[in-house]
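The block underneath contains the structure these notes are about, expressed in structure tokens.
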Amino acid sequence: MNPVLDDYLPFFTDEMKRTQDMNRAMVKTLLHIMSTLQDTTVLKRGGLDGLSWYQKQASKHIDQDKEAWQTFSEECISRKLSGGGSADVLAIVIYLYLALSKEGNL
């Protein structure tokens, strides 16, 4: 299984179809990625306990509002946890979405 093609891209595509709101789709997809990816940046900075907390909190916040997302972001900053790997994966998802959409393959 390739999580980008089999999970993250379909998740983003479904959000775009459902909401037509790219910003919301990106945030929700980022949180979804954060909740499942073994992000080595988070692991390095927070250890296994930090990664576990980060993933659980990301999962909990997927369907929350902007204020809750902001609070989660602030909590990550205070714990010095940065989802660099998750952000990189999100960039790939957005690139694939735009490229495949342009080609008419979504």
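The values are calculated or read from the model by the stated rules, or taken from the named source; none is laboratory data. A quick note: this is a predicted structure, and the numbers were derived from the prediction, not measured. Reconstructed Cβ throughout: ideal geometry from the backbone, glycine too, with neighbour counts over all protein chains shown.
Where residues in segment 6-59 are of a type in the set (A, V, I, L, M) and in contact (Cβ under 8 Å) with a residue 60 or more places away in the chain, which of them is surrounded by the most Cβ atoms within 10 Å (Cβ to Cβ)? Walk me through it before giving the result.
From segment 6-59, those of a type in the set (A, V, I, L, M) are 9, 16, 22, 25-27, 30-31, 33-34, 37, 42-43, 48, 51, 58; that's our starting set.
Okay, now just the ones that are also in contact (Cβ under 8 Å) with a residue 60 or more places away in the chain, so 9, 16, 26, 30, 33.
Numbers: LEU9: 20, MET16: 18, MET26: 18, LEU30: 21, ILE33: 26.
Applying the filter and picking the extreme gives ILE33.
With respect to ALA99, determine if the residue is loosely packed, with under 13 Cβ neighbours inside 10 Å, assigned to a helix (DSSP H, G or I) and small (Gly, Ala, Ser).
On the way: loosely packed, with under 13 Cβ neighbours inside 10 Å: yes; assigned to a helix (DSSP H, G or I): yes; small (Gly, Ala, Ser): yes.
Spelling it out, ALA99 is indeed loosely packed, with under 13 Cβ neighbours inside 10 Å, assigned to a helix (DSSP H, G or I) and small (Gly, Ala, Ser).
Can you tell me which condition ASN105 does not meet? The list is (1) in a helix (DSSP H, G or I); (2) over 17 Å from HIS32 (Cα atoms); (3) modelled with pLDDT under 95, and all the others hold.
(1)
I'd like to check which helices (runs of 4 or more DSSP H) are fully inside segment 3-91 and have at least 3 residues that are modelled with pLDDT of 95 or more and farther than 18 Å from SER101 by Cα.
Hits in segment 3-91: 22-36, 40-61, 66-78.
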